[in-house]
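J.: Just dropping this structure here.
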Amino acid sequence: MTSNLRIDGRRLVGRLARLGQVGALPDRGVCRLALTEEDRQGRDLLVGWMKDLGLSVVIDRIGNIFGTRAGANALPPLMIGSHIDTVRTGGLYDGALGVLAGLEVVETLNDAGVATERPITVAAFTNEEGSRFQPDMMGSLVHVGGMDVEGARATVGIDGETVADCLDRIGYTGDLPAQPPEIHAFLELHVEQGPVLETEGRTIGIVEGVQGISWTEYTFEGTAAHAGTTPMAMRRDAGVVAARLAVAVREVANEMGGAQVGTVGLLALEPNLVNVIPDRAVMTVDLRNTDEAELSRAERIVAEHVAAVTEDEGVTVAARTLARFEPVVFDADLVANVEAEAMRLGFTTRRLPSGAGHDAQMLARVCPAAMIFVPSVGGLSHNVEEYTNDEDVTAGAAVLFAVSARLAGVDPKGVSSA
Ligand code: GLV
Ligand code: MN
Ligand code: MN
């Protein structure tokens with residue numbers, strides 16, 4: 001019954017392409033920002049596929065989608081998942097791969113008529129990206145009890161709408177109350193989104209953990225004044241403060257070295273006119289490090305720069321934390337299990353930390369969690385050019401299937417790689 005169980009890579013690639021048509025950008029890439037009309041269409045497609053595969057589908061109050069294939073016993077499920085929201089200029093793979101590979105695991109078991117000992121739940125978590133609403137990984141954070149569901153629903157996004165209003169509008173405020181989940185283990189297949197696997201010629205990344213994330217929004221207030229008449233010494237220029245801080249963030253990351261990275265990804269000036277000194281600047285600072293002490297040090301140094309540049313220019317500042325998550329180390333046994341299955345299937349592997357945030361880091365709070373990475377061509381992600389070749393997609397799904405089969409209670413010796 002369980003011999004020669006193998007996933008169908010072409011079927012998975014076909015679903016990735018189909019989902020990629022939802023919110024497709026004119027040239028290439030995808031925009032399915034969380035809780036937009038495009039997100040609704042993607043969710044509807046996913047839920048349809050889940051139902052076609054016989055999964056029982058439930059939605060919770062933050063809009064997380066769970067499709068469950070029953071097990072022979074009513075045990076806590078193996079959960080496989082990720083997200084289907086994207087950044088504004090995203091690709092086909094970030095998040096979608098982890099969810100659709102979960103469907104592929106289920107369909108492979110269905111086709112073979114194999115029952116697993118425990119249930120398998122495929123999850124798509126709300127607003128993993130955090131581009132429109134902060135914090136990122138909101139759905140999975142709520143799911144594990146790390147954020148109050150009503151607080152999350154009250155979050156106001158970059159366009160002034162609340163999570164609750166958007167969930168209601170797209171029809172994804174579900175009935176399932178947020179409750180502490182009982183999960184046997186969590187697995188997430190994801191594209192690496194960086195250059196390491198491709199550069200080293202390895203197929204499967206064995207993810208040991210996720211680096212810490214610190215997101216802060218700064219609002220600087222100065223005085224709008226005439227660009228031609230205001231002497232340089234008399235200016236309170238919010239734009240200059242933002243520009244100086246942006247440069248400082250780059251220098252802090254460079255000077256600290258190691259794993260420290262720093263990014264200013266959002267900067268908005270007001271009134272944003274050629275001949276008016278900006279009286280207001282809003283900007284974000286994204287700091288990440290695998291080491292919590294180093295991340296805290298980076299935050300302190302940036303805060304010192306903020307104090308210095310605002311004082312220099314006589315500009316006021318308000319700081320707001322948008323997200324702050326400590327580094328996460330994944331369950332050592334489960335990580336070793338993933339590595340062993342990847343090697344048994346004959347793939348080249350490499351252990352590495354994740355530079356990006358992922359739902360798995362939230363699930364790690366309540367159950368053993370692990371991730372499988374596959375190479376990103378050119379290391380690109382959060383970019384419309386994001387691409388992972390079909391062979392690597394298939395390899396990652398094969399590893400996911402083998403680990404899932406073992407965890408859910410199927411003999412993995414019958415599992416082959418492609
Ligand atoms: C989420 O994708 C993040 O790491 O920014
Ligand atoms: Mn992702
Ligand atoms: Mn992403």
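J.: With Glu341, Glu386, Glu326, Glu391 as the choices, which residue is within 16 Å of ligand 3 (Cβ to nearest atom), charged (D, E, K, R) and at pLDDT 95 or above? Walk me through how you get there before you give the answer.
T.: Values: Glu341 fails: within 16 Å of ligand 3 (Cβ to nearest atom); Glu326 fails: within 16 Å of ligand 3 (Cβ to nearest atom); Glu391 fails: within 16 Å of ligand 3 (Cβ to nearest atom).
It is Glu386.
J.: Now a separate question. Please go through the range 285-302 and pick out each residue that is under 15 Å from Ala319 (Cα atoms) and among the charged types (D, E, K, R). Can you show your working first?
T.: Quick first cut of the range 285-302, residues under 15 Å from Ala319 (Cα atoms) only: 285-287, 299-302.
Matches in the range 285-302: Asp286, Glu299, Arg300.
J.: Please go through the range 166-195 and give me each residue that is under 24 Å from Ala323 (Cβ atoms) and either among the aliphatic types (A, V, I, L, M) or within 16 Å of ligand 1 (Cβ to nearest atom) (or both), ordered by number.
T.: Within the range 166-195, Leu167, Ile170, Ala178, Ile183, Leu187, Glu188, Leu189, His190, Val191, Glu192, Gln193, Gly194 qualify.
J.: Please work out which residue is nearest to ligand 3 (Cβ to nearest atom), limiting yourself to the range 193-210 and to residues that are open to solvent by 20 Å² or more (accessible area, probe 1.4 Å) and touching a Phe, Trp or Tyr at 6+ places or on another chain (Cβ under 9 Å). Talk me through it step by step, then tell me what you get.
T.: Within the range 193-210, the first condition is being open to solvent by 20 Å² or more (accessible area, probe 1.4 Å), and the residues that meet it are 193, 195-196, 198-203, 208.
Subsequent filtering for residues that are touching a Phe, Trp or Tyr at 6+ places or on another chain (Cβ under 9 Å) retains 193, 196, 202-203, 208.
On the way: Gln193: 7, Val196: 17, Arg202: 21, Thr203: 21, Glu208: 19 Å.
Per the stated criteria, the residue is Gln193.
J.: On the given criteria, is Ala318 under 23 Å from the mean Cα position of the chain (by Cα), under 22 Å from Val252 (Cβ atoms) and either touching a residue at least 60 places away in the same chain (Cβ under 8 Å) or part of a helix (DSSP H, G or I) (or both)?
T.: Working: under 23 Å from the mean Cα position of the chain (by Cα): no; under 22 Å from Val252 (Cβ atoms): yes; either touching a residue at least 60 places away in the same chain (Cβ under 8 Å) or part of a helix (DSSP H, G or I) (or both): yes.
Answer is no for this residue.
J.: Additional query: Looking at the range 351-385, which of its residues are farther than 21 Å from Gly146 by Cα, in contact with a Phe, Trp or Tyr (Cβ under 9 Å, 6 or more places away or on another chain) and either open to solvent by less than 10 Å² (accessible area, probe 1.4 Å) or more than 13 Å from ligand 1 (Cβ to nearest atom) (or both)?
T.: Leu352, Val374, Ser376, Val377, Gly378, Leu380
J.: Here's a follow-up. For Pro77, indicate whether it is buried (at least 24 other Cβ atoms within 10 Å of the Cβ) and either free of Cβ contacts under 8 Å to residues at least 40 places away in the same chain or more than 14 Å from ligand 2 (Cβ to nearest atom) (or both). Lay out the reasoning, then the answer.
T.: On the way: buried (at least 24 other Cβ atoms within 10 Å of the Cβ): yes; either free of Cβ contacts under 8 Å to residues at least 40 places away in the same chain or more than 14 Å from ligand 2 (Cβ to nearest atom) (or both): yes.
Spelling it out, Pro77 is indeed buried (at least 24 other Cβ atoms within 10 Å of the Cβ) and either free of Cβ contacts under 8 Å to residues at least 40 places away in the same chain or more than 14 Å from ligand 2 (Cβ to nearest atom) (or both).
J.: Scan (1) closer than 20 Å to Gly81 by Cα; (2) more than 16 Å from ligand 2 (Cβ to nearest atom); (3) buried (at least 20 other Cβ atoms within 10 Å of the Cβ); (4) hydrophobic (A, V, I, L, M, F, W, C) for the single condition Val315 breaks and write down its number.
T.: Val315 satisfies all of (1) closer than 20 Å to Gly81 by Cα; (2) more than 16 Å from ligand 2 (Cβ to nearest atom); (3) buried (at least 20 other Cβ atoms within 10 Å of the Cβ); (4) hydrophobic (A, V, I, L, M, F, W, C) except (1).
J.: Only one of Arg88, Arg118 is more than 13 Å from ligand 2 (Cβ to nearest atom), without any contact (Cβ under 8 Å) to a residue 60 or more places away in the chain, in a loop (DSSP other than H, G, I, E, B) and of a type outside the set (A, V, I, L, M). Can you tell me which? So that I can check it myself, show each step before the final result.
T.: On the way: Arg118 fails: without any contact (Cβ under 8 Å) to a residue 60 or more places away in the chain.
Of Arg88, Arg118, the one residue that is more than 13 Å from ligand 2 (Cβ to nearest atom), without any contact (Cβ under 8 Å) to a residue 60 or more places away in the chain, in a loop (DSSP other than H, G, I, E, B) and of a type outside the set (A, V, I, L, M) is Arg88.
J.: Determine whether the range 61-73 contains at least one residue that is of a type in the set (A, V, I, L, M, F, W, C), buried (at least 16 other Cβ atoms within 10 Å of the Cβ), in a helix (DSSP H, G or I) and touching a residue at least 40 places away in the same chain (Cβ under 8 Å). Walk me through how you get there before you give the answer.
T.: Looking only at the range 61-73, we keep the residues that are of a type in the set (A, V, I, L, M, F, W, C), and these are 62, 65-66, 70, 72.
Adding the requirement that they be buried (at least 16 other Cβ atoms within 10 Å of the Cβ) leaves 62, 65-66.
Now restrict to residues that are in a helix (DSSP H, G or I): none.
No, that holds for no residue.
J.: I'd like to know if the range 101-108 contains one or more residues that are open to solvent by 20 Å² or more (accessible area, probe 1.4 Å), hydrophobic (A, V, I, L, M, F, W, C) and within 14 Å of ligand 2 (Cβ to nearest atom). Steps first, answer last, please.
T.: Taking the range 101-108 first, the residues open to solvent by 20 Å² or more (accessible area, probe 1.4 Å) are 107.
Still in the list and also hydrophobic (A, V, I, L, M, F, W, C): none.
No, that holds for no residue.
The values are calculated or read from the model by the stated rules, or taken from the named source; none is laboratory data. These numbers come from a predicted model, not from an experiment. All Cβ positions, even for glycine, are placed from backbone atoms using ideal geometry, and neighbour counts span all protein chains on display. Heavy atoms of the whole protein, side chains included, go into the accessibility calculation; ligands, DNA and RNA do not. Shrake-Rupley method; radii C 1.70, N 1.55, O 1.52, S 1.80 Å.
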